[in-house]
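To start, the structure itself, in structure tokens.
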Amino acid sequence: MKRGIDHLEVGGQSVFVRVDANVPLVDGRIRDDTRLRAVQPTLNALRARGARVILGAHLGRPRGHVDRTLSMAPVATCLSGLLGVEISMAPDSVGPDVSALVRGLRDGEILMLENLRFHPGEERNEPEFATSLANLADCYIGDAFGAAHRAHASTVGVPGILPSVAGPLMCAEVEALERATGQPDRPYVAVLGGGKTSDKIGVLEQLASVVDVLMLGGGLANTFLKNFGHHMGRSLVEPGQSAVVAAVREIAKKSSCRLMLPTDVLVAASPVDDASVAVVEVDAIPCDQMALDIGPDTSAMYTQVLGSARTVIWNGPVGVYERAAFAKGTRALVRALADSPGFVVAAGGDAAAAVQTAGLAHRMGHLSTGGGAALEFIEGRDLPGLAVLPDA
Ligand code: ADP
Ligand code: MG
């Protein structure tokens with residue numbers, strides 16, 4: 001447990017709040033404001049206690065250069081609308097103009113700093129940049145779980161200088177992930193999908209060593225099926241993963257983890273909506289077809305396992321869920337997770353999007369907004385942005 005905001009005197013103080021505001025933008029418009037909605041309670045609580053809030057965040061990958069298309073201004077406007085209060089927008093994240101704006105803040109007011117990653121010092125965690133940020137504030141709140149696996153100036157540098165606590169979102173993420181990985185109730189089940197195997201080696205190996213059942217889907221499962229001797233046609237199969245597949249299989253065997261792969265799949269010539277599709281067994285995939293979703297038998301089998309699970313971790317869709325024609329398996333999975341009697345943690349950008357689309361976020365035990373950070377946590381790695389914050 002991390003020390004939370006109740007342990008911080010914030011009234012009349014300038015408080016640097018690092019949030020995760022990395023929302024998807026299309027033509028300068030915010031396509032999904034889930035992350036901004038999530039920080040609302042934190043900001044309301046701080047405002048009610050008279051804090052002078054300095055919001056720090058990043059958007060996209062400007063790589064240390066000013067990129068006007070990645071300005072935080074739309075974020076400030078959106079947050080301002082959600083909270084129903086004015087949020088002023090700083091022209092930069094450091095410098096005399098920003099300091100002047102901070103000095104002008106009154107109790108309960110909010111200032112949004114410009115994209116932290118416009119400065120190369122942010123991602124390099126340069127002491128000068130961290131010090132400039134720290135000089136703006138009296139204390140620090142780390143509430144960007146999605147950035148906690150990065151040792152950047154705003155996630156590690158500043159809390160190393162100022163009195164710091166973890167924000168409510170950070171605390172909620174840690175609590176849920178600890179519950180799902182510490183002493184989980186059993187049966188303990190993991191579902192892993194997504195495109196690439198190489199992205200998820202650490203999580204695969206870790207989960208295979210602790211869960212009772214590991215169910216695979218998506219492109220990840222294709223790679224396993226291929227290495228188990230199936231002909232995968234033109235399916236997405238990642239080359240060079242045979243050692244990983246063998247290792248996961250071996251770990252699962254040693255730990256009495258039941259490794260489950262699809263027995264049937266939905267195939268088509270390409271992942272387009274109007275493709276003609278067919279359900280085939282995994283040993284009968286035509287050579288000119290691609291496996292793009294799990295089939296109904298696999299869905300039923302996975303649903304049944306989830307029906308008696310007590311703890312579940314899910315990451316990665318089990319098909320090309322962006323296309324309606326191949327979204328059925330993922331939709332059925334989300335349903336089964338919602339109906340599962342277990343404590344369910346859904347982690348990852350695409351997993352979270354699938355849950356949101358289904359309107360079933362409220363039926364999950366926890367929906368992690370931080371994909372990469374959640375996976376590193378599940379893997380058992382130390383997150384620098386978390387480790388730097390003091391324990392309760
Ligand atoms: P998450 O964001 O939940 O961690 P990933 O980013 O690992 O998930 O994977 C999501 C991607 O995997 C999606 O874009 C999806 O289209 C792709 N995918 C899933 N199944 C397949 C498949 N059978 N073939 C090709 N791509 C797939
Ligand atoms: Mg993704």
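Beyond 26 Å, what share of the Cα-Cα pairs of segment 124-269 is found? Please give it as a whole percent.
Working: 4953 of 10585 pairs.
In whole percent, the share of Cα-Cα pairs in segment 124-269 beyond 26 Å is 47.
With an 8 Å Cα cut-off and a minimum separation of 6 or more residues, compute the relative contact order for the chain in percent.
Details: 878 pairs, mean separation 64.9, N = 392.
Normalised by residue count, the contact order of the chain is 17 percent.
Roughly what percent of Cα-Cα pairs across segment 105-154 reach past 18 Å? Please list the in-between numbers first.
Values: 418 of 1225 pairs.
Summing the P(r) tail past 18 Å for segment 105-154 gives 34 percent.
Hey, got the dipole for the chain? About the Cα centre, +1 on K and R Cβ, -1 on D and E Cβ, debye to the nearest 20? Before the final figure, lay out the partial values.
Details: 35 positive and 43 negative charges, 65 e Å.
Dipole about the Cα centre, nearest 20: 320 debye.
Tell me, how many Å apart are the Cα centres for segment 327-352 and for segment 217-271?
20 Å
What shape does segment 239-360 take by its C-alpha gyration tensor, where a ≥ b ≥ c are the square roots of the eigenvalues and a/c under 1.5 counts as rounded, a/b above b/c as prolate, and the rest as oblate?
Numbers: a/c = 1.73, a/b = 1.12, b/c = 1.56.
Note, shape of segment 239-360 comes out oblate.
Explain nothing, just compute: Karplus ³J(HN,Hα) = 6.51 cos²θ - 1.76 cosθ + 1.60, θ = phi - 60°, for every residue of segment 290-306 in order, whole Hz, x for Gly and Pro.
Values, residue by residue: 10, 7, 10, 7, 6, x, x, 5, 4, 4, 5, 5, 5, 4, 5, 4, 5 Hz.
Provide the percentage of antiparallel DSSP beta bridges, counting only those with both residues in segment 136-286; round to the nearest 5.
30 percent
Can you work out D for segment 124-193 in µm² s⁻¹ from Stokes-Einstein, where Rh is the Kirkwood radius over C-alpha pairs, the temperature is 10 °C and the viscosity is 1.306 mPa s?
Working: Rh = 13.9 Å.
Result for D is 114 µm²/s.
Please enumerate, by chain and number, the lysines with C-alpha under 21 Å from the C-alpha of LYS254, excluding those fewer than 8 residues away in the same chain.
Output for LYS254: LYS200.
Under the Karplus relation 6.51 cos²θ - 1.76 cosθ + 1.60, θ = phi - 60°, what is the ordered set of whole-Hz ³J(HN,Hα) values for segment 33-40, x standing for Gly and Pro?
9, 3, 5, 6, 4, 5, 8, 3
Applying the Karplus parametrisation 6.51 cos²θ - 1.76 cosθ + 1.60 with θ = phi - 60° to the phi angles of segment 308-320, what ³J(HN,Hα) value in whole Hz is obtained for each residue in order, glycine and proline being reported as x?
10, 6, 10, 9, 9, 10, 10, 9, x, x, 8, x, 6
Can you list the residues of segment 316-347 with backbone N under 19 Å from a point 7 Å past the Cα of VAL26, pointing along Cα to Cβ?
320-327
Give me log10 I(q)/I(0) at q = 0.24, 0.26 Å⁻¹ for segment 287-356, Debye formula, one equal scatterer per alpha-carbon, no solvent.
Calculated log10 I(q)/I(0) at the listed q: -1.07, -1.21.
So how do 169-175, 356-362 stack up, highest first, on mean other-Cβ count within 10 Å?
On the way: 169-175: 21.9, 356-362: 14.0.
By packing density, highest mean first, the sequence is 169-175, 356-362.
Roughly what % of Cα-Cα distances in the chain sit above 27 Å, to the whole percent? Please list the in-between numbers first.
Numbers: 39923 of 76636 pairs.
Percent of Cα pairs beyond 27 Å in the chain: 52.
What net charge is computed for the residues neighbouring GLY142, neighbours being all others with C-beta under 14 Å from the C-beta of GLY142, Lys and Arg scored +1, Asp and Glu -1? Walk me through the numbers on the way to the answer.
Values: positive: LYS2, ARG3, ARG18, ARG150; negative: ASP20, ASP143, GLU173, ASP391.
Surrounding charge for GLY142 is 0.
What is the packing order of peptides 7-14, 271-278, taking the mean over residues of other C-beta atoms within 10 Å and listing the highest first? Numbers along the way, then the final one.
Details: 7-14: 16.2, 271-278: 13.0.
Descending packing order for the listed peptides: 7-14, 271-278.
Express the relative contact order of segment 1-53 as a whole percentage, based on alpha carbon pairs under 8 Å and six or more residues apart in sequence. Kindly include the intermediate steps, with their values, before the conclusion.
Details: 43 pairs, mean separation 25.5, N = 53.
Worked out over segment 1-53, it gives 48 percent.
Using a Förster distance of 41 Å, how high is the FRET efficiency between ARG3 and ASP288, based on the Cβ-Cβ distance and rounded to 0.05?
Numbers: r = 59 Å, r/R0 = 1.43.
That gives a FRET efficiency of 0.10.
Once amide H atoms are placed 1.01 Å from N in the peptide plane, what residues at a sequence separation of 5 or more from VAL312, or on another chain, have their amide H within under 5 Å of its amide H?
VAL189, PHE343, VAL344, VAL345
Kindly work out what percent of the DSSP beta bridges joining two residues of the chain are antiparallel, to the nearest 5. Walk me through the intermediate numbers first.
Details: 11 of 49 bridges.
Among the beta bridges of the chain, antiparallel pairing accounts for roughly 20 percent.
Let me have the 222 nm mean residue ellipticity of the chain computed from DSSP H runs of 4+ only, each contributing -39500 (n - 2.57), with the sum over all residues rounded to the nearest 500.
Rounded to the nearest 500, the figure is -10500 deg cm²/dmol.
Evaluate 2.2 N^0.38 Å with N set to the residue count of segment 1-146, then give the Cα radius of gyration divided by it. Mind showing how you got there, number by number?
Values: Rg = 14.3 Å, N = 146, 2.2 N^0.38 = 14.6 Å.
The value comes to 0.98.
Just to confirm a number: summing +1 for Lys and Arg and -1 for Asp and Glu over residues other than HIS119 whose beta-carbon lies under 13 angstrom from that of HIS119, what do you get? Walk me through the numbers before you get to the answer.
Numbers: positive: ARG63, ARG117, ARG124; negative: ASP67, ASP92, GLU114, GLU122, GLU123, GLU126, GLU128.
Net local charge, HIS119 excluded: -4.
Using only C-alpha atoms and all pairs of different ones, pull out the Kirkwood radius for segment 152-232 in Å with one decimal. Kindly include the intermediate steps, with their values, before the conclusion.
Values: mean 1/r = 0.0641 Å⁻¹.
Evaluated over segment 152-232, this radius sits at 15.6 Å.
Values quoted throughout were computed directly from the atomic coordinates according to the rules given, and no laboratory measurement underlies them. Keep in mind that what you see is a predicted model, and the values were worked out from it rather than measured. FYI the Cβ positions are ideal-geometry reconstructions off the backbone, even for glycines, and counts take in every protein chain you see.
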